[in-house]
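Below is one structure, written out as structure tokens, with a few remarks after it.
The values are calculated or read from the model by the stated rules, or taken from the named source; none is laboratory data. Keep in mind that what you see is a predicted model, and the values were worked out from it rather than measured. Cβ: placed from backbone, ideal geometry, glycine included. Neighbour counts: every protein chain shown.
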Amino acid sequence: MNDATNTVLRKLLKRPSAVVALCIIGLTCVVSVFAYLLAADATPSANRMIIELGAKHPGFKKQLLYIPKSSKQEHGSRFFEWFNGAPSDYQALPINSYNFIGDRIIVRHYIDDSIEDTLSYALKSLLPQEYSAAPLSEQQAYLGQHQIITRTFYLGTDRYGRDILSRLLIGSRVTLAVGLIAVLLSLTIGIILGSLAGYYGGVVDNVVMWIINILYAIPTLLLVFAITLTIGKGFWEIFIAIGLSMWVGAARLIRGQVLALREMEYVTAAKALGLGDMRIIFRHILPNIAGPLMVIAASNFAAAILVEAGLSFLGFGVQPPHPSWGLMIKEHYNFLLTNRPLLALIPGIAIMLLVYAFNILGNALRDVLDVRG
């Protein structure tokens, strides 16, 4: 098994397009795992809104004064916050400049490119409790170093003033999660029904094919809508709905492969030895169709990403404030006709690259494994 895997991997690495696809997929997986460590906005769902900075261009820079919130935020364990983000105890105020006058700080509050306002704050109201009795010079130094920070928004901000790069990084989790869950569900159901139909034939085959033919006649989006209305609309429900709508192709392919393999001599020998049907199917037949399964898994992964993006664009997918690449397009597609088209183009390009990678990987696997039919 290891030799076969190494052979397939060596053949894949000889194909430049497959190497590019593997790099894109691998990079996306790494980014999704460490999203909150890489994101400049590490609040849950990267949902820190700075309304004054709405729809800014890539590379936009602005000084931010971090002002303590009136109520303390609840924090979880370090691992929980590493994986889900940490609520911020501060709200960000964009400023053009600041200066200290005694025990107060005077800031020029940025409202718009042509509008600003002057605000004054007591230093003690901004600093942590332990600095309330410190000398003014220490208070001013601490505030200037830790709570007045220049932020660069490398991909700009969305219409609500949220960092697009942070939401793009965290949104990769949704994209990969929907693909993974859809593949697991579709392959599990497809393997079970396809194997039973192909191995037993007769009434079992007729019933399974009748179900498959009916579901093939229903457009995927409509089928997902129907399942969503049945099980509910939520973060995990939409993933399950997509997975339940994509098993048909896998079942049909597996049925065809099992129909061909059940007449092979090693299957006949296994029956002669008295082995059970389930053992023959899962220990002797299915391992020999691992190649087609890998191809259909890559294809379903790409299809699930597109379906989720379409559902989010229509408002039936992942709901705000969770970042989703499809939802990011929906929120900003009207900017395509303005001077800020990148708000919609950036998540669209991310979807295109990831779908391209899985499609190229599927094609490469098909060629390497010589899958036919």
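Listed here are the residues, each with its yes/no results for (1) farther than 29 Å from Pro135 by Cβ; (2) without any contact (Cβ under 8 Å) to a residue 12 or more places away in the chain; (3) of a type in the set (Val, Ile, Thr).
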position	(1), (2), (3)
Arg10	yes, yes, no
Val19	yes, yes, yes
Ser45	yes, no, no
Met49	yes, no, no
Ile95	no, no, yes
Ser114	yes, yes, no
Asp117	yes, yes, no
**Request:** Report, by residue number, each residue of region 132-153 that is surrounded by fewer than 17 Cβ atoms within 10 Å (Cβ to Cβ) and aromatic (Phe, Trp, Tyr).
**Result:** none
**Prompt:** So how many residues does region 302-329 have that are part of a helix (DSSP H, G or I), of a type outside the set (A, V, I, L, M) and farther than 19 Å from Ile349 by Cβ?
**Reply:** 0
**Asked** Which condition breaks for Tyr154 when tested against (1) in the same structural domain as Val267 (by TED's automatic domain parsing); (2) touching a helix residue (DSSP H, G or I) at 6+ places or on another chain (Cβ under 6 Å); (3) not polar (S, T, N, Q)?
**Response** (1)
**Request:** Confirm whether Leu93 is of a type in the set (A, V, I, L, M, F, W, C) and part of a helix (DSSP H, G or I).
**Result:** no
**Request:** May I ask you to say which residue of Leu193, Leu222, Leu215, Leu229 is assigned to a helix (DSSP H, G or I), in the same structural domain as Thr268 (by TED's automatic domain parsing) and at pLDDT 90 or above?
**Result:** Leu193
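If you check Ala42, Ala86, Ala55, which single one turns out to be in a loop (DSSP other than H, G, I, E, B), surrounded by fewer than 17 Cβ atoms within 10 Å (Cβ to Cβ) and among the hydrophobic types (A, V, I, L, M, F, W, C)?
The conditions single out Ala86.
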**Fill in**
In the set Leu275, Leu361, Leu345, the lone residue that is surrounded by fewer than 19 Cβ atoms within 10 Å (Cβ to Cβ) and part of a helix (DSSP H, G or I) is Leu345
**Request:** Hey, can you tell me all the residues within region 21-40 that are in contact (Cβ under 8 Å) with a residue 40 or more places away in the chain and small (Gly, Ala, Ser)?
**Result:** Ala21, Ser32, Ala35, Ala39, Ala40
**Fill in**
Subset of region 175-200, residues buried (at least 22 other Cβ atoms within 10 Å of the Cβ), among the polar types (S, T, N, Q) and closer than 20 Å to Ile281 by Cα, comes to Ser186, Ser195
**Item:** Unique residue being more than 17 Å from the chain's Cα centre (by Cα) and in the same structural domain as Ala270 (by TED's automatic domain parsing) when the list is Leu327, Leu337, Leu306, Leu354
**Value:** Leu337
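Conditions tested, residue by residue: (1) part of a strand (DSSP E or B); (2) surrounded by 11 or more Cβ atoms within 10 Å (Cβ to Cβ); (3) not aromatic (Phe, Trp, Tyr).
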site	(1), (2), (3)
Leu65	yes, yes, yes
Ser70	no, no, yes
His75	no, yes, yes
Lys124	no, yes, yes
Glu130	no, no, yes
**Request:** Return only the number of the condition from (1) surrounded by fewer than 19 Cβ atoms within 10 Å (Cβ to Cβ); (2) farther than 20 Å from Ile360 by Cα; (3) touching a helix residue (DSSP H, G or I) at 6+ places or on another chain (Cβ under 6 Å) that Leu327 does not satisfy.
**Result:** (1)
**Request:** Considering every residue within region 242-263, establish whether at least one is of a type outside the set (Gly, Ala, Ser), within 17 Å of Arg173 (Cα to Cα) and crowded, with 21+ Cβ neighbours inside 10 Å.
**Result:** yes
**Candidate set from region 201-214 (those that are of a type outside the set (A, V, I, L, M) and touching a residue at least 40 places away in the same chain (Cβ under 8 Å)); member that is surrounded by the most Cβ atoms within 10 Å (Cβ to Cβ)** = Asp205
